[in-house]
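S.K.: Below you will find the structure I want to go over with you.
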Amino acid sequence: MITILSPAKNMKIEKNGTRPKSLPACLEDAQKVWEQLRTYGPPDLEILMKISESLAEDSFDRIQSMKWDEKGTSAVETYDGIQYKYMDAGTFSEEAKSFAQEHVRILSGLYGVVRPYDSIYEYRLEMLTKRPVGESKNLYEFWGSRLYETLMKEMQGEPVILNLASEEYGKTIRKYVEEPISFVSCTFKTFSKGKHKVLATAAKMARGSMVRYIAMNQIDDLEGIKQFDWNGYHYEESLSSQKELVFLQD
């Protein structure tokens, strides 16, 4: 089983973090995205990414100073969104780190498919960003089937893709999946105002906690996933299907 995740907008440099073990698999394609991106000035980035002037300046500086070596920081400890805070990869055991490196992948608009301990540098680029790359009109068209094909090379016969990514990123893989591979998404619902529904922040917290559960316990099948019981969440078989595992929080 391979678990796919979204990246985070926020990033940080963990000076005492885990040393990167590898470079991203799609580095050549990533550099093509970067070559286009580095032609934009701060005002262009502000409009393109719909961000503040200060964030645009910061993003410009990161783009211009981008490197492609193993001296960056480990991806899973560099992304700093809610999901990653609850994953708390900085406290993974060595066994959990090794398992995550083999069984977890982060999907990125810049880097493509990223292993947890690949070397990356800080950047800001959402997959939804409407910008051309070469002859492609946007990042979805540029990456096309590349992300799925890369994932297939690394799955080594694994039959299940567990989707813990947002729709923005999950759809880059789902549309290409063919049998005998199964694409299974996890949905986390919280009881609020008289009914269970997906709350964005709570769902991100649960996703991060599930990745931690997978890595720390070396979970490699869906039956193990169904045992996840963090913070009141429990698997609800009556609402689940072959393509979706639903977890309710009471």
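The values are calculated or read from the model by the stated rules, or taken from the named source; none is laboratory data. Quick caveat: nothing in here was measured; it's all calculated off a predicted structure. Ideal geometry is used to build each Cβ from the backbone, glycine not excepted, and the neighbour counts take in all protein chains shown. Ligands, DNA and RNA are excluded from the accessible area calculation, which covers all protein heavy atoms including side chains. Shrake-Rupley method; radii C 1.70, N 1.55, O 1.52, S 1.80 Å.
S.K.: Does segment 49-107 hold any residues that are of a type in the set (Val, Ile, Thr), in a helix (DSSP H, G or I) and more than 22 Å from Leu147 (Cβ to Cβ), and which are they?
M.R.: Step one: filter segment 49-107 for residues of a type in the set (Val, Ile, Thr), giving 51, 63, 73, 76, 78, 82, 91, 104, 106.
Next cut, in a helix (DSSP H, G or I) only: 63, 76, 78, 82, 91.
Passing the criteria: Ile82, Thr91.
S.K.: Yes or no: Ser108 open to solvent by less than 10 Å² (accessible area, probe 1.4 Å), touching a residue at least 12 places away in the same chain (Cβ under 8 Å), closer than 26 Å to Ile214 by Cα and of a type in the set (S, T, N, Q)? If you could, list the steps in order and put the result at the bottom.
M.R.: Working: open to solvent by less than 10 Å² (accessible area, probe 1.4 Å): yes; touching a residue at least 12 places away in the same chain (Cβ under 8 Å): yes; closer than 26 Å to Ile214 by Cα: yes; of a type in the set (S, T, N, Q): yes.
When the stated conditions are applied, Ser108 passes them.
S.K.: Now for a different question. Quick one: in segment 126-165, which of the residues that are open to solvent by less than 10 Å² (accessible area, probe 1.4 Å), over 19 Å from Met1 (Cα atoms) and of a type in the set (A, V, I, L, M, F, W, C) is farthest from the chain's Cα centre (by Cα)?
M.R.: Once the filter is applied, the top-ranked residue is Val133.
S.K.: If you don't mind, there's one more thing I want to ask. Applying the selection to segment 166-193, what residues are under 22 Å from Ser238 (Cα atoms) and either open to solvent by less than 60 Å² (accessible area, probe 1.4 Å) or not in a loop (DSSP other than H, G, I, E, B) (or both)?
M.R.: The answer is Ser182, Phe183, Val184, Ser185, Cys186, Thr187, Phe188, Lys189, Thr190, Phe191, Ser192.
S.K.: Now for a separate question. Which numbered condition in (1) in contact with a helix residue (DSSP H, G or I) (Cβ under 9 Å, 6 or more places away or on another chain); (2) within 28 Å of Ile225 (Cα to Cα); (3) assigned to a loop (DSSP other than H, G, I, E, B); (4) charged (D, E, K, R) is the only one that Glu154 fails?
M.R.: (3)
Table: residues versus (1) closer than 22 Å to Ser119 by Cβ; (2) in contact with a helix residue (DSSP H, G or I) (Cβ under 7 Å, 6 or more places away or on another chain); (3) crowded, with 20+ Cβ neighbours inside 10 Å.
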site: Thr3; (1), (2), (3): yes, yes, yes
site: Ser6; (1), (2), (3): yes, yes, yes
site: Asn16; (1), (2), (3): yes, no, no
site: Arg19; (1), (2), (3): yes, no, no
site: Ala30; (1), (2), (3): yes, no, yes
site: Arg38; (1), (2), (3): yes, yes, no
site: Leu45; (1), (2), (3): no, yes, yes
site: Leu48; (1), (2), (3): no, no, no
site: Ala56; (1), (2), (3): no, yes, yes
